[in-house]
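A short write-up of the structure that comes next.
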Amino acid sequence: MLLAIDTSTGTSVAVVDHGAGVIAEAGTPDTMRHAEVVGDLIRQALAAASITPSRLSGVAGGMGPGPFTGLRVGIAAAHAFALGIRRPFVPVVSHDAVAWLWYHEGGDGPMQVVTDARRREFAVSAYDGLDDAGLPIRAVGPQLVPRDEVPERDGARVDASTVSAGGIGMVAELAFAAGRLPLTGDAPLYLRAPDVTPSAGKRVLR
């Protein structure tokens, strides 16, 4: 059983189990208040699932793509919770969760996941169905493209305004069952450098 957190768009928290699926999920599409709401959403999801943190086997975190400020909140929260309960942290590409949910709900064939990257850009990933383990087959991406230059591709296009933490958790559970962890690295997929960078500092003359 996993706790899953994603803040690549809004904020979503879920409790999932490989056999039972998504047990509980709480979230908001608000793209500005990740830090203010993530703690309450964790409590809500755990309460709705009627479980204590000690029953969790790990914490899955959506690694993006997403804006710097929002994305790092969820990743930090997932890392901190995993550390607090002494369980592993499982990184998942957020677009994979959108693709998994689309296929799980009956989608078929090639598809694209498109999320708002701001600054008149989209983050785009392309998929070619599910593999034998039930995991999305990512053919391209995630990549950053201008809004009017999204690559043409056969199949469906899913413009995702939210990313389900339930999808994040189920991708992690399926990957664990198939012996396929880690699915991605532990570095956030910002796709763009942050606006603010550390200063080089002042040279001190003696």
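The values are calculated or read from the model by the stated rules, or taken from the named source; none is laboratory data. What you see is a predicted model, and the numbers here were worked out from it, not measured in a lab. Cβ: placed from backbone, ideal geometry, glycine included. Neighbour counts: every protein chain shown.
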Write out, first by first residue and then by second, each pair whose Cβ atoms fall under 9 Å of each other, whose residues are 6+ apart or on separate chains, and whose first residue, in the stretch 178-190, is charged (D, E, K, R) while the second is assigned to a loop (DSSP other than H, G, I, E, B). Arg180/Ala133; Arg180/Leu135; Asp186/Met63
For the stretch 85-171, list the strands (runs of 3 or more DSSP E) that sit wholly inside it and hold at least 1 residues that are touching a residue at least 12 places away in the same chain (Cβ under 8 Å) and more than 19 Å from Gly74 (Cβ to Cβ); which are they? 111-118, 121-130, 136-146, 156-159
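Quick check on the stretch 190-198. Is at least one of its residues over 15 Å from the mean Cα position of the chain (by Cα), at pLDDT 95 or above, surrounded by 10 or more Cβ atoms within 10 Å (Cβ to Cβ) and more than 20 Å from Ile5 (Cα to Cα)?
Kept after step one, since they are over 15 Å from the mean Cα position of the chain (by Cα), are these residues of the stretch 190-198: 192-198.
Remaining after also requiring at pLDDT 95 or above: none.
No - not one qualifying residue is present in the stretch 190-198.
Rundown of residues vs (1) closer than 21 Å to Ala177 by Cα; (2) not small (Gly, Ala, Ser), yes/no style:
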residue	(1), (2)
Glu36	no, yes
Ser50	no, no
Ser57	yes, no
Gly66	no, no
Gly70	no, no
Phe81	no, yes
Arg86	yes, yes
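Pick from Leu71, Leu83, Leu101, Leu130: which is surrounded by fewer than 23 Cβ atoms within 10 Å (Cβ to Cβ), of a type outside the set (Ser, Thr, Tyr) and touching a Phe, Trp or Tyr at 6+ places or on another chain (Cβ under 7 Å)?
Working: Leu71 fails: surrounded by fewer than 23 Cβ atoms within 10 Å (Cβ to Cβ); Leu83 fails: touching a Phe, Trp or Tyr at 6+ places or on another chain (Cβ under 7 Å); Leu101 fails: touching a Phe, Trp or Tyr at 6+ places or on another chain (Cβ under 7 Å).
Result: Leu130 is the single residue among Leu71, Leu83, Leu101, Leu130 that is surrounded by fewer than 23 Cβ atoms within 10 Å (Cβ to Cβ), of a type outside the set (Ser, Thr, Tyr) and touching a Phe, Trp or Tyr at 6+ places or on another chain (Cβ under 7 Å).
Working only within the stretch 53-84, note down all residues that are assigned to a loop (DSSP other than H, G, I, E, B), in contact with a Pro (Cβ under 7 Å, 6 or more places away or on another chain) and not aliphatic (A, V, I, L, M). Steps first, please.
Looking only at the stretch 53-84, we keep the residues that are assigned to a loop (DSSP other than H, G, I, E, B), and these are 56-57, 63-67.
Cutting the leftovers down to in contact with a Pro (Cβ under 7 Å, 6 or more places away or on another chain) gives us 63-65.
Matches in the stretch 53-84: Gly64, Pro65.
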Determine, yes or no, whether Ala14 is assigned to a helix (DSSP H, G or I) and of a type in the set (Gly, Ala, Ser). no
Under the condition of being surrounded by 19 or more Cβ atoms within 10 Å (Cβ to Cβ) and acidic (Asp, Glu), which residue from the stretch 1-36 is nearest to Ile75 (Cα to Cα)? Asp6
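Given the structure, is Val98 farther than 30 Å from Glu36 by Cβ and in contact with a strand residue (DSSP E or B) (Cβ under 7 Å, 6 or more places away or on another chain)? Walk me through how you get there before you give the answer.
Values: farther than 30 Å from Glu36 by Cβ: no; in contact with a strand residue (DSSP E or B) (Cβ under 7 Å, 6 or more places away or on another chain): yes.
Spelling it out, it is not the case that Val98 is farther than 30 Å from Glu36 by Cβ and in contact with a strand residue (DSSP E or B) (Cβ under 7 Å, 6 or more places away or on another chain).
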Failed condition for Arg120, given (1) modelled with pLDDT under 95; (2) under 22 Å from Val22 (Cβ atoms); (3) charged (D, E, K, R), with all others met? (2)
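Here is a yes/no grid of residues against (1) closer than 17 Å to Gly62 by Cβ; (2) surrounded by fewer than 12 Cβ atoms within 10 Å (Cβ to Cβ); (3) not hydrophobic (A, V, I, L, M, F, W, C):
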| position | (1), (2), (3) |
| --- | --- |
| Arg119 | no, yes, yes |
| Ser125 | yes, no, yes |
| Leu135 | yes, no, no |
| Pro142 | yes, no, yes |
| Glu149 | no, yes, yes |
| Glu152 | no, yes, yes |
| Ala156 | no, no, no |
| Ser164 | yes, no, yes |
| Gly169 | yes, no, yes |
